[in-house]
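Please treat every number below as a calculation from the coordinates, not as lab data. Since we're looking at a predicted model, the values are computed, not measured. Note that we place each Cβ from the backbone using ideal geometry, even for glycine, and neighbour counts take in every protein chain shown.
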């Protein structure tokens, strides 16, 4: 029978209520909280029946009071039997006589109910007044809880007129949908009976409401609008009282229908599960959504108050006046309310850009939710209360609102408005289904347009009866100028197999523009992709070097993908000064689409990320919100990779932030716009979460000032979440207790909510556990509606996952017992953690807990549910394994530069070449003195093709500094040391590294070359470091601007010699290897770029000038060929010194003819290396031009010794070399020579 009952939760249709008389007497002053009630229900009979079936839940109905009064025809209804169907909440009364078709009857019954604390039905709430707990009673009936306040026909289509009476004790008053008609003080001692006027029209049961409290009100001048709240919060109601009439007038003007109840009360209920509830004439709210305190509440809090009031007022027409026949059409209520929430408020608060905010907040959030296999259509069959509650979802609200906005643009706003007005006028005080709406819009469309281009029902059926939405793939044939569009259902994971066989196709309104047109205002469809079409050709006029862009202002509820070339054209345009020519909503659309297409596997992440580079120019809140929504997912996942990878990812994001950060600053200005204030909070949250020092210093300084003077120090409300969070992140128990006490004692709920959202920011596990313990404490001082904020706050802190898991491991039994021995509470905690997990280790730890604890103590079924709740985490890890390395490769390729916080001062490089074995592996040691210019906890330098001994790393400088992790970034040749503490700005430190390298044959780094001597192959080692190969000889800061002094020692075999930039200072024979001699070279007298350091180890012989200053080294059998270079070098040097008026000030100049040399020559300080042909010259065997070429190469290398500056050296070298050559060879002055 359970299964049978579950197939139909609907009431029979043969009895139709038309009038209720509800009498209630709340009970808030004893421990039972049991109220009494009486209801009289008048009904029509549409089909002969002998039973009345209505809804009742958690009510004790006195069967002896059940009676039926025949209003139009006599009948005998004294005998009856009762059946209570607790599964379906149906109370069945079978009578001995039948009710006749076409006649009216009245059912009487008395009952008792309970003011529970679960924020449903006629429940109880509380607040404190002068330290005394004050109880109140409020209602929340949507969707299926009116039955908990009085027996009724609790379906939205069963509208009836209501008359309500409520008896309250002294000190309290009652509110209901209608104004008070009379108050009877004599009916019962100590009880005031409030008799309310009868409703002027039929009302659905879920829209009936009562509030019994001692609240005070703030009203507008004519008393029509009143906001009720705790007496201490009355000042916070001012904005709601001011904005409500303006919003109401805007809605009345739009719909052409006046609000026709005689009053509108709005109540701030301390405990309220929903955001707000649109009850006719008595709207109830959470405090944060109706109360606003200037200089305490945020700009976003004020926006929430206005938009949620607009949402609830819109329901007066959409839901209240025109009600859905059944909950399957919930989107007719919530879609329109979401639409007007933004666009009505936009017409009132004109500077808030709510028409723009609709795109990221509604459209893009709905696109995200609706991309899941588990989504549901807008129109969806539901039966049970649980099924009904489940569709109060993003689809029913934001997707429906987005589809409504789409059809508004298809029809034009004015045709749409007139059609909506007709829909409301035709179906007011009735029930409706989507076809009624579609018909009204179609009729208006046909009245206004001679040749309608589409049928509204045909189009909207594809959007309302199917779940999901399409991705439109745009492919261009650039040679033929053709554009093809194709549709398919978009899923977050496009590689997943569909869970159904439905052929998803939509009527898609296509809007587009091109680079030359830049028409971002025409949002009516230029053409349609029909549901019968997979693809179609679209006539887009665009040159092959111009981008095209579809979905203008993202008015269509679909994503757009392009071919690679068009993505590149869009990306290049965004990365130009013209980027603002693309509408701000389309900039946001491109970012959101690109991130989600890449996540789904249909767009390369390199393409998506390339698009984000333009953000370094962007300052507008809307694109930044979309971008950071996409980045947030990646950021959480990349945390599961190495610390170094996440650090690198953060650096990329922070680089993008630089311009917007400079534009916004940290301090709020009076001239700041509404969205600027919101944007500053968004950007600062990221900056401080990434522990950017300027941000965290600002936040902690502000927090300290607040602690110093909590009653007077002012922090902008828009910065509080950042300041508070970082005050805790970098504070301890004192800071945490300060904020907790501020929460306990504050009178403004928006402030309390901010605090609850940041208490989990602490890094301290004990404090995090203290906060989490409040979820299992009866006296936590945190309302049940806000309990979810606790885990959310902890889990959103990247330190917090560890704290949440350990809390679960230590307290699972208490969690279970506190939640009435509910195993779902354990599963719920695991599920909440799952969404924030970043690493396989965290998943494995939870799996171990499930295996060792959950399965053993709660059974296999519970363990299975717990494992299923981990699927989100496991899917995220699959994504990370698939895309993580691709993303990080791209990120690393965007910045090959070293951090700027460390500057080398000097190097001591010790090398022992190895030219005699098969490995050609040399040994090295480097000692680098560094200066720190900004605090940092890492050292990053270059190393390539080096085997560094991580175990022997030593860092000297003050307190003991040790290395926590070592990372080799092979893409960028970075060798990164994460330290246990920060190196301090202004301090110097030494880094000592031991390593091995390789003498390769690729003519780069410290490579090997050879020649033949007497038929025997002779090896030598030489260096070529320009531009980026010093890192192959020794770990270093291998950038030309990072100059340092160098001291070099080379250990060579005694049958070779060593050369370096400076002369040999001393030579020592190795005590353990007598055939090894160590040449210690003098320190360079000035800082040198790493690429100008050089070594040569060979058995070459030299030819020197008479004073020994100039030497040319070469094979012994080529010594005679060095004469010309020896002759010409001093002449060139002198000429350059005269020209520059700068003396060459190193103590020697060696030049080496290297047999294998990829460059022509290399201008290393004091040790210039050449290809043989550019330094050796045999007078009788070379031509004149070769001699000039030899001179030319001499000149350029020597010139570099004197005048080299990064960025200008090459042109200077060429110019001055030509001058020298022409001076030596005057014939070359002939331009034809």
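Assorted remarks:
- Sequence of 520, 595, 974 once ranked by neighbouring C-beta atoms within 10 Å, starting from the fewest: 520, 974, 595
- Put simply, when 232-240, 691-699 are sorted by average Cβ atoms within 10 angstrom per residue, most first, you get 232-240, 691-699.
- The stretch 1-142: relative contact order in percent, alpha carbon pairs under 8 Å with at least 6 residues between: 26 percent
- Euclidean distance of C-alpha centroids, the stretch 650-729 and the stretch 322-362, integer Å: 31 Å
- A straight chain from residue 369 to residue 221 at 0.36 nm per residue would run longer than the Cα-Cα distance by 48.9 nm.
- Fully extended contour minus Cα-Cα distance, from residue 36 to residue 982, at 0.36 nm per residue: 333.7 nm
- Classification of the stretch 900-1099 by its C-alpha gyration tensor yields a prolate form. The axis ratio a/c (a ≥ b ≥ c) is 1.5 or more, and a/b outweighs b/c.
- Prolate/oblate/rounded label for the stretch 763-883 (Cα gyration tensor, a/c 1.5): oblate
- At an R0 of 35 angstrom, the distance between the Cβ atoms of residue 990 and residue 1142 translates into a FRET efficiency of 0.60.
- Here each label is just a point 7 Å from Cα along the line to Cβ, and for residue 97 and residue 70 those points are 0.3 nm apart.
- Segments 1134-1146, 900-912 sorted - mean Cβ within 10 Å per residue, highest first: 900-912, 1134-1146
- Gyration tensor verdict on the stretch 126-183 (Cα atoms; rounded if a/c is under 1.5, prolate if a/b is larger than b/c, oblate otherwise): oblate
- Take the Cα of residue 295, step 7 Å toward its Cβ, do the same at residue 840, and the gap between the two points is 5.7 nm.
- With contacts taken as Cα pairs under 8 Å at a separation of at least 6 residues, the stretch 402-487 carries a relative contact order of 20 percent.
- Segment residue 931-residue 86, length gained on full extension (0.36 nm per residue, minus Cα span): 296.6 nm
- For the chain, the 222 nm mean residue ellipticity estimated from helices alone, with every DSSP H stretch of n ≥ 4 adding -39500 (n - 2.57) and the total spread over all residues, rounds to -10500 deg cm²/dmol.
- Efficiency of FRET between residue 1159 and residue 1104 - r from beta-carbon atoms, R0 25 angstrom, step 0.05: 0.55
- The ranking of 35, 579, 920 by Cβ neighbour count inside 10 Å, starting from the fewest, reads 579, 920, 35.
- A protection proxy built from the mean count of other Cβ atoms within 10 Å ranks the segments 462-473, 142-153, 956-967, most packed first, as 142-153, 462-473, 956-967.
- Relative contact order (%) - the chain, alpha-carbon pairs under 8 angstrom, separation at least six: 5 percent
- Distance-filtered residues of the stretch 185-216 - backbone nitrogen under 19 Å, label point 7 angstrom along residue 29 Cα→Cβ: 185-195, 211-216
- Within the stretch 1036-1051: backbone nitrogen closer than 17 Å to the residue 1086 label point (7 Å, Cα to C-beta): 1040-1047
- From least to most packed, judged by other beta carbons within 10 angstrom and beginning with the fewest, 124, 100 follow the order 100, 124.
- Acute angle (nearest 10 degrees) that the helix 434-448 long axis makes with the longest principal axis of the chain, alpha-carbon atoms: 80 degrees
- The chain: antiparallel DSSP beta bridges as a percent of all, rounded to 5: 80 percent
- Label corresponding to semi-axes √(5λ) of the Cα gyration tensor in Å when calculated from the structure given, among (i) 78, 34, 27; (ii) 67, 39, 32; (iii) 64, 52, 28: (i)
- Rounded FRET efficiency, nearest 0.05, which uses the C-beta distance separating residue 232 from residue 662 and R0 of 60 Å: 0.90
- In nm, spacing of pseudo-spin labels at residue 802 and residue 169 (7 Å Cα→C-beta vector): 5.2 nm
- Zone residues, the stretch 167-182, relative to residue 132, backbone N less than 17 Å from point 7 Å out along Cα-to-Cβ: 169-173
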